[in-house]
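A.B. asks: Before I ask anything, let me first share the structure, which is written out below as structure tokens.
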Amino acid sequence: MPDRSPLWPLSLAAATTVTALGAGIAPLRRALHAREGGLRPSEFPGGPEDIWVGQVPGVEAVELPPGLARFACRNNRLAEMALASDGFAEAVAAAVARHGPERVAVVLGTSTAGIEETEQAYSRRDGAGALPASFDYAGSHDLQSLPAYVRARLGLRGPAFAVSTACTSGARSMLEAASLIASGLADAVVAGGVDSLCRLTLHGFASLELLSRGRPTRPCAADRDGISIGEAAGLVLLTRPEHAPPGAPLLLGAGASSDGHHMSSPHPEGLGAVSAMRAALDAAGLTPGEVDYVNLHGTGTRANDAMEDRAVHHMFGDDVPCSSTKGWTGHALGASGAVEAVIAMLCLEDGLVPGCLGVAERDPEFRSAIAIANQARPVRRIASNSFGFGGSNCCLLIGQAA
């Protein structure tokens, strides 16, 4: 067995999520067990036709706290919904009471930030083409808007920064958060990711011909035809185990790589993905045989799913069950790795392997153990994969305390 890095493990002392299934972990848990997804035909204004999306209900009506109005945008409203769910803000307040506000950091991933706010501002240009005077770029569109809002909202004074590595952002934030704790710059970190629907993203993926048409995404299916974009927030509070509630799940290790194969296509043999998974196993001091379930990045495109199958089979063979949960939430881009980390926590607690949703027949060329029905079985360690444009790869290993 490889030697475990002194950086790990860390405790996932608190967690929350907001997805198309609703605010908080409870609706996500119910949907996973009932196999009821949150994707619906898109009614997002100005978006492409004939697609399904994972749109969060009620986000438009969310009010930010007094004094933080400059941060108003769809992305930060999603973040506010998460902060108000699952007792998350209260858990952070307890960490502040223990360590002090200057010792609690914020590291959050996003790819869209407040682009949708800029889109709305652009539609309200005056006769000279100028944006409205009320538009606050730094408070909304800027990537740093998200961690700045969360830091201000929670009254924190530790380091705060954004991670934007495409669809690995939410997972990669946890690796960066762990580095802050290991370096002594923080004792606890609010990490995760938030990404929201916007016209740029929807039309951008449509122009690449990567969106599933006429029905929801079907990762790993023989007839899969693309992605369903979702929006979501996933937040965790990372601390050292001695500062977490008894029995809190652990981030056992994490690994990342950048293969730089292509701007938008994965390496066909998944070399970067293999490297990230191997690095995560080495960090956790685990062998592939000690992993009980692999939560795939599983976007539903022909190329991504085929690449990941090759990479996962190379690492884990055909004995470890694996599946994608994006049939429930859609692909939440920079938030996906964080949301799927929360899903991994639920799978640990409930002894659940959630089979890919809406798949009648798995791709017959796949060699890994793709699950297309829910399985009730002991799950103690989970590998959660995230891959992104530009060759960015990240793997989190989440497990229970020994």
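A.B. asks: If you take the residues in region 317-337 that are among the hydrophobic types (A, V, I, L, M, F, W, C) and within 15 Å of residue 21 (Cβ to Cβ), which one is nearest to the chain's Cα centre (by Cα)?
C.D. replies: 335
A.B. asks: Considering only region 5-52, state which residues are closer than 20 Å to residue 90 by Cα, more than 16 Å from the chain's Cα centre (by Cα) and among the aliphatic types (A, V, I, L, M).
C.D. replies: Of everything in region 5-52, those that are closer than 20 Å to residue 90 by Cα, more than 16 Å from the chain's Cα centre (by Cα) and among the aliphatic types (A, V, I, L, M) turn out to be 10, 13, 26.
A.B. asks: Step by step: first the residues of region 249-268, then only those that are exposed (fewer than 14 other Cβ atoms within 10 Å of the Cβ) and out of contact with any Phe, Trp or Tyr (no Cβ under 8 Å at 6 or more places or on another chain), then the one that is modelled with the highest pLDDT. Which residue is that?
C.D. replies: Filtering region 249-268 for residues that are exposed (fewer than 14 other Cβ atoms within 10 Å of the Cβ) and out of contact with any Phe, Trp or Tyr (no Cβ under 8 Å at 6 or more places or on another chain), the one modelled with the highest pLDDT comes out as 260.
A.B. asks: Would you check if residue 30 is surrounded by fewer than 20 Cβ atoms within 10 Å (Cβ to Cβ) and touching a Pro at 6+ places or on another chain (Cβ under 7 Å)?
C.D. replies: No.
A.B. asks: I've got another one for you. Which ranges mark the helices (runs of 4 or more DSSP H) fully within region 83-184 that have 3 or more residues being without any contact (Cβ under 8 Å) to a residue 40 or more places away in the chain and among the hydroxyl-bearing types (Ser, Thr, Tyr)?
C.D. replies: 115-123
A.B. asks: Just to be sure I understand, how many residues within region 305-333 are buried (at least 24 other Cβ atoms within 10 Å of the Cβ) and closer than 22 Å to residue 32 by Cβ?
C.D. replies: Number satisfying all stated conditions: 15.
A.B. asks: Would you confirm, using the coordinates I've provided, whether residue 213 is in contact with a strand residue (DSSP E or B) (Cβ under 7 Å, 6 or more places away or on another chain), within 30 Å of residue 37 (Cβ to Cβ) and surrounded by fewer than 20 Cβ atoms within 10 Å (Cβ to Cβ)? Give the derivation first.
C.D. replies: On the way: in contact with a strand residue (DSSP E or B) (Cβ under 7 Å, 6 or more places away or on another chain): yes; within 30 Å of residue 37 (Cβ to Cβ): yes; surrounded by fewer than 20 Cβ atoms within 10 Å (Cβ to Cβ): yes.
Spelling it out, residue 213 is indeed in contact with a strand residue (DSSP E or B) (Cβ under 7 Å, 6 or more places away or on another chain), within 30 Å of residue 37 (Cβ to Cβ) and surrounded by fewer than 20 Cβ atoms within 10 Å (Cβ to Cβ).
A.B. asks: On to the next question. What are the pairs with Cβ atoms under 6 angstrom where one residue, in region 35-51, is closer than 19 Å to residue 209 by Cβ and the other, located anywhere, is loosely packed, with under 12 Cβ neighbours inside 10 Å? Sequence gap at least six, or different chains.
C.D. replies: 50/214
The values are calculated or read from the model by the stated rules, or taken from the named source; none is laboratory data. Bear in mind that the values here come from a model prediction, so they are computed numbers and not experimental data. Neighbour counts are summed over all protein chains in view; Cβ atoms, including those assigned to glycine, are modelled from backbone coordinates with ideal geometry.
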